[in-house]
Amino acid sequence: MPSYLTLPNPPPELMRILAPTGDRLWLVTSRRLGRQVLAEDRFSRALAVAPQAPANHPLRPEPTALTSLDPPDHGRLRGLVSHAFTPPAVAALESTLRQTARELLAGKRAADLVPDYLMVLAATAICRVLGIPWAEQDRFSALADRAHGITPCSPEESAASREELRAYVAGLVADGHYEADTSLLGTLRLARQRDAALTIRELASLVELLLDAGYETTIGQTSLAVLALLEHPEQWRFLVNRPEHVPGAVEELLRYAPVVPISFTRVARHDTELAGERIRAGEAVLVSLLHANFDPREHPDPDVLRVDRRTARHLTFGHGPHVCLGARLARLQMRIALEELIRVAPHLSLEADPADLGYRPPEAVVRGPTSLPASW
Ligand code: HEM
C-alpha cells in the first residue's frame, strides 16, 4: 500500500494529505462519503485531469479518455463500449473461460498460478471481449504483457510494445480483421460506419483504455483473492466443502483484498461542504477504496476475512457514473478461477512463504503478487 495511505486506525472520514506529487488533497476513507464523492456532479473528473489540477500521481491521464470525461461526453463514449459488458454478453463467455481454466489445470499437481493460470485466463477473457482473432491471442497477450510491464522489461521495451500494440489494434479496426461482428472491435467498426466523425485513432484508444483498465487489474485481483484464501486455509476448506458459496466469497475477497486501493481524483466544481469540512472550488478529493472496504461503521470485524459474510459491500469497482464497466466480467473470471481450482485442487497449498513472493512495486496503480507457486 502506498505509504501515504497508512493512516491512524480508525481514520477520520475525511482528512487532508500530502500526495507524493507535493500536492495537498482531501482523502475520503469511509464508504458513505466515498459513494457521495464518486457519484455526485459537484465533483468532476474532467477538472481533475486539467494541467493545473492537484494530482496524486505524476502521470496525467489523457483528457479525452473515457475515465477523464464528465457528462454528457462521458455517457456518449461509454455507450459505445457498454454493450460488450451486458449480462448476456458476459454470460456468453462463461463456457469458453471455464474450458480454458479446465485445460490449464488438467493433469497438473503443481503450478505457478499467476503466469500459468490466472494470467492466461485474463488474456483469454479480454481477447474474447475485444474479438482478437484466436490465432493471434498469444502474440497479442505477449505484447500486452510487455506494454503493461507484467513481463519484466526495460521502460524502452515497454514503450515500444505499447506503440506496436496501438498500431496493431488500429489495424484491426481499420481492416475489419477481428473474430466476430458482435465483439467490441466489430461494434466499434459498425459505429464508425454510422458516424464518420469517429476516427480510427479514437476507437483504437478506447480499446487501449479497456486493456489498461481490465487486464492487469483482473490478473492482480484474482491473484490477491487466491493468495488471501491460501493464507486462510480454514476459509479455503469452507469453500471446498460448500462451493455454492463461491459467488459470495468473490464479494468478500473483493472487499478484503482490493487490487486498486484508491480512486482517480475528483475536483470540486465550486465551494462545497463534505462531512462538515469546506472544500474549495478546484481542490481535489481522492477516495481510499481500501479504507472504505474496511470501514468499521459498515462491517463488523472488517479485518477478518469471512467468505460467508452476508453483506460484503465494497467500493472495489468504484461507484457512480464511472463505476467499473468490466465488473461483471471480472466477477465471472474470479468465480470460474476459484470454482475450477476448488474442484481440481481441494488440497491446494502455497509452496513459498508469502513474505518471499514477488509483488508489484508499491508505486504501481495495481497491487498483487507476481508469482504464486502452489501444489495440490
Ligand atoms: C477485478 C478487476 C477490476 C477492478 C478491481 C476494477 C476497478 C475499477 C475501478 C475502481 C474503476 C473506477 C475508478 C474511478 O472511478 O475512480 C474502474 C473503472 C473502469 N473499469 Fe475496471 N476494474 C476491474 C476490471 C475491469 C475489466 C475486466 C474491465 C474491462 C475489460 C474494466 C474496465 C473499466 C473501465 C472501462 C472503467 C472506466 C469507466 C468509466 O470511466 O466510465 N475494469 N475499474
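Just give me the residues in the stretch 326-353 being assigned to a loop (DSSP other than H, G, I, E, B), surrounded by 20 or more Cβ atoms within 10 Å (Cβ to Cβ) and in contact with a Lys or Arg (Cβ under 9 Å, 6 or more places away or on another chain), in sequence order.
Result: A345, single match.
Can you name the number of the only condition in (1) under 20 Å from L69 (Cβ atoms); (2) within 16 Å of the ligand (Cβ to nearest atom); (3) in contact with an Asp or Glu (Cβ under 8 Å, 6 or more places away or on another chain); (4) part of a loop (DSSP other than H, G, I, E, B) that G318 fails?
G318 satisfies every listed condition except (3).
Please go through the stretch 14-28 and give me each residue that is at pLDDT 95 or above and buried (at least 18 other Cβ atoms within 10 Å of the Cβ), ordered by number.
Scanning the stretch 14-28 gives L14, L25, W26, L27, V28.
Restricting the first residue to the stretch 249-265 and requiring it to be under 10 Å from L315 (Cα atoms) and in a helix (DSSP H, G or I), which pairs with a second residue that is aromatic (F, W, Y) and modelled with pLDDT of 95 or more meet a Cβ separation below 9 Å and a spacing of at least six or different chains?
Cβ pairs passing all conditions: L254/F317.
For the stretch 170-181, indicate whether the set of residues that are within 24 Å of the chain's Cα centre (by Cα) and farther than 26 Å from R335 by Cα is non-empty.
Looking for residues that are within 24 Å of the chain's Cα centre (by Cα) and farther than 26 Å from R335 by Cα, one finds at least one in the stretch 170-181, hence yes.
Among the numbered criteria (1) of a type in the set (G, A, S); (2) assigned to a helix (DSSP H, G or I); (3) more than 15 Å from S223 (Cβ to Cβ), which single criterion is violated by G107?
Going through the list (1) of a type in the set (G, A, S); (2) assigned to a helix (DSSP H, G or I); (3) more than 15 Å from S223 (Cβ to Cβ), G107 breaks only (2).
Give the stretch 120-139 a look and list any residue that's within 15 Å of the ligand (Cβ to nearest atom) and not in a helix (DSSP H, G or I), or say none.
Selection gives G131, I132.
Spot the failing condition for L206; the list is (1) crowded, with 20+ Cβ neighbours inside 10 Å; (2) more than 16 Å from the ligand (Cβ to nearest atom), and only one is missed.
Only one criterion is unmet by L206, namely (2).
Could you check the stretch 182-200 and list, in sequence order, the residues that are part of a helix (DSSP H, G or I) and within 24 Å of the chain's Cα centre (by Cα)? Break it down stepwise before answering.
Quick first cut of the stretch 182-200, residues part of a helix (DSSP H, G or I) only: 184-194, 200.
Hits for the stretch 182-200 are L184, L185, G186, T187, L188.
Can you work out which of the residues in the stretch 97-136 that are farther than 24 Å from L372 by Cα and not basic (K, R) is surrounded by the fewest Cβ atoms within 10 Å (Cβ to Cβ)? So that I can check it myself, show each step before the final result.
Step one: of the stretch 97-136, the residues farther than 24 Å from L372 by Cα are 128-136.
Remaining after also requiring not basic (K, R): 129-136.
Numbers: V129: 23, L130: 22, G131: 22, I132: 27, P133: 15, W134: 10, A135: 8, E136: 16.
Per the stated criteria, the residue is A135.
Just the residues that are in a helix (DSSP H, G or I) and in contact with a Phe, Trp or Tyr (Cβ under 8 Å, 6 or more places away or on another chain), please, taken from the stretch 140-154.
Answer for the stretch 140-154, where residues must be in a helix (DSSP H, G or I) and in contact with a Phe, Trp or Tyr (Cβ under 8 Å, 6 or more places away or on another chain): F140, L143, A144.
Evaluate the stretch 145-157: report whether one residue or more is at pLDDT 90 or above, within 22 Å of A225 (Cβ to Cβ) and within 16 Å of the ligand (Cβ to nearest atom).
We begin by selecting, within the stretch 145-157, every residue at pLDDT 90 or above; these are none.
There is no residue in the stretch 145-157 that is at pLDDT 90 or above, within 22 Å of A225 (Cβ to Cβ) and within 16 Å of the ligand (Cβ to nearest atom).
The values are calculated or read from the model by the stated rules, or taken from the named source; none is laboratory data. Note that the structure is a prediction, hence the values are computed from the model and not measured. Methodologically, a virtual Cβ is constructed for each residue, glycine included, from the backbone with ideal geometry; neighbour enumeration extends over all protein chains shown.
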